[in-house]
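A quick write-up on the structure given underneath.
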Amino acid sequence: MPEQFAARWLTLREPADHAARDDTLLTPLIDVLPRDRTIRITDLGAGAGSNLRYLGPRLPQAQAWTLIDHDRGLLDQAVALAHPADDDRHVARVQARAHPADLGTFPDCLDTTPDLLTASALLDLVPDAWLRRVVDTCCRRGLPALFALNVDGRLAFSPTLEADQQVEAAVLAHQRGAKDMGPALGPDAPAVAAQLFRERGASVDCRASDWHLTPEQAALQRPLIEGWHAAARAQQPDAAAVIDRWRDARLRALEHSFITVGHQDLLVIPCRD
């Protein structure tokens, strides 16, 4: 994804992401984090820092964030936006630094020992083997983790179109295809992650964090529809004409379009000796 498009997309989706997340997971998370010192948080695939901007103000402890991503430009933006200019108390309580690194090398990409591992909109993009390394690292170290906004395969449209189910099936298949680190878990990620952690004795709390997009969010719906169109076309090239008509009809309907995109937030608290 070109850097400029990635930055625009992340900016567009941030309000929907923050509105969707389940705050009820914060209470048990806060309870297991140290209260007598600054907590160290590592954010995997941090991008432009949306996860930090959501969690930072909601955690009562002072925080030192390490933001890991391969894109140095997005990380620089994340650090620059980490501290609201008009909130001196927040600036003093939440610090952030960029750590450009290849997530595919996890856990070698970790350059500190965190108290919390977190990520947003990541698990559906990674392969099974990578996720297993994350599970092993968290469980061996007794490291709590919060994985937000993982796609779970649920889509709903209003108004409906005849080709919705065909396009949805193609998109879900594409989400399971090859990504930067290999074949992705796609919409299977939340269930697979929960099972792997529970097999290691960890406590896992899963909560829905769905996008409920309205016509007022047409600016977000448009690139979402365009992205699904491209994915479906790549998955089913023989159905290009049907998929093109679906995109055109969806875009014409933006003024009265409602879209639900299913996500899951996972809070993981491993057993500690």
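The values are calculated or read from the model by the stated rules, or taken from the named source; none is laboratory data. Keep in mind the model is a prediction, meaning the values are calculated, not measured. Backbone-built Cβ (ideal geometry, glycine too); neighbour counts: all protein chains shown. These area figures cover heavy atoms from the full protein model, side chains too; ligands, DNA and RNA do not enter into them. Shrake-Rupley method; radii C 1.70, N 1.55, O 1.52, S 1.80 Å.
What to note about this one:
- Taking all protein chains into account, the per residue accessible area for segment 45-178 stands at 40 Å² (1.4 Å probe).
- Most positive-pole-ward Cα, ALA48, VAL32, ALA78, against dipole of segment 24-161 from beta carbon charges: VAL32
- Paramagnetic label zone (point 7 Å from Cα along Cα-to-C-beta, GLU199; backbone N under 17 Å) in segment 97-134: 127-134
- Entry for Cα Rg over 2.2 N^0.38 Å (calculated from the structure that is shown) out of [x] 1.27; [y] 0.98; [z] 1.02: [z]
- Residue among GLN221, ALA163, ALA189 farthest towards the positive dipole end of segment 139-273, charges placed on Cβ: ALA189
- FRET efficiency, 1/(1 + (r/R0)^6) with R0 35 Å, evaluated for ASP36 and HIS212 via beta carbons: 0.35
- Whole-Å distance, taken between Cα centres, linking segment 234-259 and segment 54-79: 36
- Cα-centre dipole for the chain with unit charges at Cβ (Lys and Arg positive, Asp and Glu negative), debye to 20: 360
- Of the solvent-accessible surface of segment 103-157, computed with a 1.4 Å probe over protein heavy atoms with every protein chain present, carbon and sulfur atoms account for 51 percent.
- In a fully extended conformation the segment linking ARG141 and ARG245 would gain 32.3 nm over its present Cα-Cα distance, using 0.36 nm per residue.
- Each Cα pair under 8 Å and six or more residues apart adds its sequence gap; the mean of these over the residue count of the chain is a relative contact order of 21 percent.
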